Amino acid sequence: MRLELINLSKKFRSMRGEIEAVKDVDLAVEEKEFFVLLGPSGCGKSTLLNLVAGLEKPTAGEIKFDSDPVASFDKRIFRSPKERNVAMVFQNYALYPHLKVYDNIAFPLKIEKWDKGEIENAVKKAADILGISGLLDDKPSELSGGQRQRVAIARAIVREPNIFLLDEPLSNLDAQLRMSMRTELKNLQRRLEITTLYVTHDQTEALTLGDRVAILNEGRIEQVGSPLDLYDKPKNIFVARFLGSSPINIFNAKVIEENGTYIEIWGNRIQLPEDRAEKVRSLRTDKVVFGIRPEDVSLERDTDRPSVKGRIEDIELLGRETLLHISVKDSIIRALSDSSKWETGQNVGIMFVMEKAHFFEAE
Ligand SMILES: Nc1ncnc2c1ncn2[C@@H]1O[C@H](COP(=O)(O)OP(=O)(O)OP(=O)(O)O)[C@@H](O)[C@H]1O
Ligand SMILES: [Mg+2]
């Protein structure tokens, strides 16, 4: 099933006045795709998912399942969640506490009045896929967070939905469980081949799970792309800052054209390779924002060679790697290093992999 959102908007009226939680969103999720919506708290992720599920009505725009509009403001179409046949996993799992695991998973089928034998087969199959066959007689209160999570997912997949909608399903789990559930979810989705829309504020989750990812900010889509695309070619500062486990370095710089293209920063001139120079020229201004990821900053003990010089202020150990905070004039530059040879207070020369430099218009 292909999912298409066309000029989709949702306004809420509340005590605080009118809030546009989703603004003019255009998006297509392809058949069998694992698509992730990533953005900070309050950016409209759950609202968007609820619109697709049929739990909210759009205040403008249209939602199509294949060529079939399931919600359209202009055409006054609104299909109920049941008619849409989507399966949703909520952040809080939303299991029925008084029902056994078996009956929790069977619930959507009982509502659809399947017969007993069919229900039993479907529940057993779903439980088997998720490795919870031994828990069918337990109550949710007797289960761990990870087990409850599996039950919620089993309930969602028990009836082959058109689309799978997941709202931060792993956020209540501890780090280790989150990682193993992530792998399981990805494999499960590949096996079931069901179009999936997955919401998270966790960039690692988004980048590891998504075939494609949309970055959402204040109800709008900032950029859509493959994880690598978003990481290597962020369209704006928001996207650049939002991705990366150590945040990208961002500085204002001046562009100078003089037998080549340079940026001037901290009183130093740094030459740009041709494709970066082209990018800078396309911005048509001499005041740009220069972004460089910590892994694209390297250090030298020899402070004479590189033109930018700084002092190590702080050293953060991140497992095998080290994140160094280096002061240059009034700025702090973050650099990732795989070596532990550095000391605080040490003077260093700083080099940037300028082929990997990002340039943006000033905000
Ligand atoms: N029923 C509602 N009535 C009024 N405002 C709402 C309603 N639901 C959501 N909002 C507002 O819409 C905006 C988007 O909310 P939403 O829950 O979609 O964000 P989110 O991205 O899912 O955030 P989080 O990551 O914290 O779950 C917020 O400003 C929220 O306060
Ligand atoms: Mg939410």
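The values are calculated or read from the model by the stated rules, or taken from the named source; none is laboratory data. This one's a predicted model, so the numbers in the text were calculated from it and none came from an experiment. Heads up, the Cβs are rebuilt from the backbone with ideal geometry, glycines too, and the neighbour counts pull from every protein chain shown. Calculation scope for accessible area: heavy atoms of the full protein, side chains included, ligands and nucleic acids excluded. Shrake-Rupley method; radii C 1.70, N 1.55, O 1.52, S 1.80 Å.
For the range 23-104, please list each of the strands (runs of 3 or more DSSP E) lying entirely inside it that holds at least 1 residues being within 16 Å of ligand 1 (Cβ to nearest atom) and crowded, with 16+ Cβ neighbours inside 10 Å.
Output list reads 34-38, 60-65, 86-89.
What is the number of the single condition among (1) without any contact (Cβ under 8 Å) to a residue 24 or more places away in the chain; (2) open to solvent by less than 50 Å² (accessible area, probe 1.4 Å); (3) charged (D, E, K, R) that ARG159 does not meet?
(1)
Take the residues in the range 13-22 that are free of Cβ contacts under 8 Å to residues at least 24 places away in the same chain and part of a strand (DSSP E or B), then tell me which one is least open to solvent (accessible area, probe 1.4 Å). Give the steps one after another, and end with the answer.
Residues of the range 13-22 free of Cβ contacts under 8 Å to residues at least 24 places away in the same chain: 13-19.
From the residues that got through so far, the ones that are part of a strand (DSSP E or B) too are 13-14, 17-19.
On the way: ARG13: 194, SER14: 54, GLY17: 29, GLU18: 102, ILE19: 52 Å².
Filtering the range 13-22 for residues that are free of Cβ contacts under 8 Å to residues at least 24 places away in the same chain and part of a strand (DSSP E or B), the one least open to solvent (accessible area, probe 1.4 Å) comes out as GLY17.
Testing VAL86 on (1) touching a residue at least 12 places away in the same chain (Cβ under 8 Å); (2) more than 17 Å from THR195 (Cβ to Cβ), one condition comes back false. Which one is that?
Only one criterion in (1) touching a residue at least 12 places away in the same chain (Cβ under 8 Å); (2) more than 17 Å from THR195 (Cβ to Cβ) is unmet by VAL86, namely (2).
Out of the residues in the range 225-237 that are in contact with a strand residue (DSSP E or B) (Cβ under 8 Å, 6 or more places away or on another chain) and surrounded by fewer than 19 Cβ atoms within 10 Å (Cβ to Cβ), which is farthest from GLU361 (Cα to Cα)? Before you say what the answer is, go through the steps one by one.
Of all residues in the range 225-237, those in contact with a strand residue (DSSP E or B) (Cβ under 8 Å, 6 or more places away or on another chain) come to 225-227, 230, 233-237.
Checking the rest, the ones that are also surrounded by fewer than 19 Cβ atoms within 10 Å (Cβ to Cβ) come to 225-226, 233, 235-237.
Values: GLY225: 21, SER226: 23, LYS233: 14, LYS235: 10, ASN236: 8, ILE237: 9 Å.
Filtering first and then ranking leaves SER226.
Which of the residues spanning the range 105-147 are part of a helix (DSSP H, G or I) and among the small types (Gly, Ala, Ser)?
Filtering the range 105-147 for residues part of a helix (DSSP H, G or I) gives 105-111, 116-129, 133-135, 140-142, 145-147.
The answer is ALA106, GLY117, ALA122, ALA126, ALA127, SER133, GLY134, SER141, GLY145, GLY146.
Kindly indicate whether any position in the range 279-288 is outside the structural domain of GLY42 (by TED's automatic domain parsing), part of a helix (DSSP H, G or I) and of a type in the set (Lys, Arg). If you could, list the steps in order and put the result at the bottom.
Taking the range 279-288 as the starting set, the residues that turn out to be outside the structural domain of GLY42 (by TED's automatic domain parsing) are 279-288.
Applying the additional criterion that residues be part of a helix (DSSP H, G or I) yields 279-282.
The next check asks that each one be of a type in the set (Lys, Arg); those that pass are 279, 281.
Yes, there is a match, as at least one residue in the range 279-288 is outside the structural domain of GLY42 (by TED's automatic domain parsing), part of a helix (DSSP H, G or I) and of a type in the set (Lys, Arg).
Against the condition out of contact with any Asp or Glu (no Cβ under 9 Å at 6 or more places or on another chain), assigned by TED's automatic domain parsing to the domain that holds LYS186 and closer than 29 Å to THR204 by Cβ, how does SER80 come out, does it pass? Show your work before the answer.
Values: out of contact with any Asp or Glu (no Cβ under 9 Å at 6 or more places or on another chain): yes; assigned by TED's automatic domain parsing to the domain that holds LYS186: yes; closer than 29 Å to THR204 by Cβ: no.
Taking the combined requirement at face value, the residue does not satisfy it.
Could you grab me the full set of residues in the range 162-172 that are away from ligand 2 (no atom under 12 Å from the Cβ), assigned to a loop (DSSP other than H, G, I, E, B) and open to solvent by less than 10 Å² (accessible area, probe 1.4 Å)?
LEU170
If you scan the range 248-273, which residues turn out to be at pLDDT 95 or above, surrounded by fewer than 18 Cβ atoms within 10 Å (Cβ to Cβ) and outside any strand (DSSP E or B)?
Passing the criteria: only PRO273.
Just one of SER226, SER180 is under 14 Å from the mean Cα position of the chain (by Cα) and either within 16 Å of ligand 2 (Cβ to nearest atom) or free of Cβ contacts under 8 Å to residues at least 60 places away in the same chain (or both); which is it?
On the way: SER180 fails: under 14 Å from the mean Cα position of the chain (by Cα).
Only one candidate qualifies: SER226.
Hand me the list of helices (runs of 4 or more DSSP H) wholly inside the range 203-243 holding 2 or more residues that are of a type in the set (Phe, Trp, Tyr). Please lay out each step first, then the result.
Numbers: elements: 203-209, 227-232, 237-242.
Qualifying helices (runs of 4 or more DSSP H): 237-242.
Taking the condition of being basic (Lys, Arg) and modelled with pLDDT under 90, how many residues in the range 152-190 meet it? Please lay out each step first, then the result.
We begin by selecting, within the range 152-190, every residue basic (Lys, Arg); these are 155, 159, 178, 182, 186, 190.
If we keep only those that are modelled with pLDDT under 90 too, we end up with 159, 178, 182.
Here the count works out to 3.
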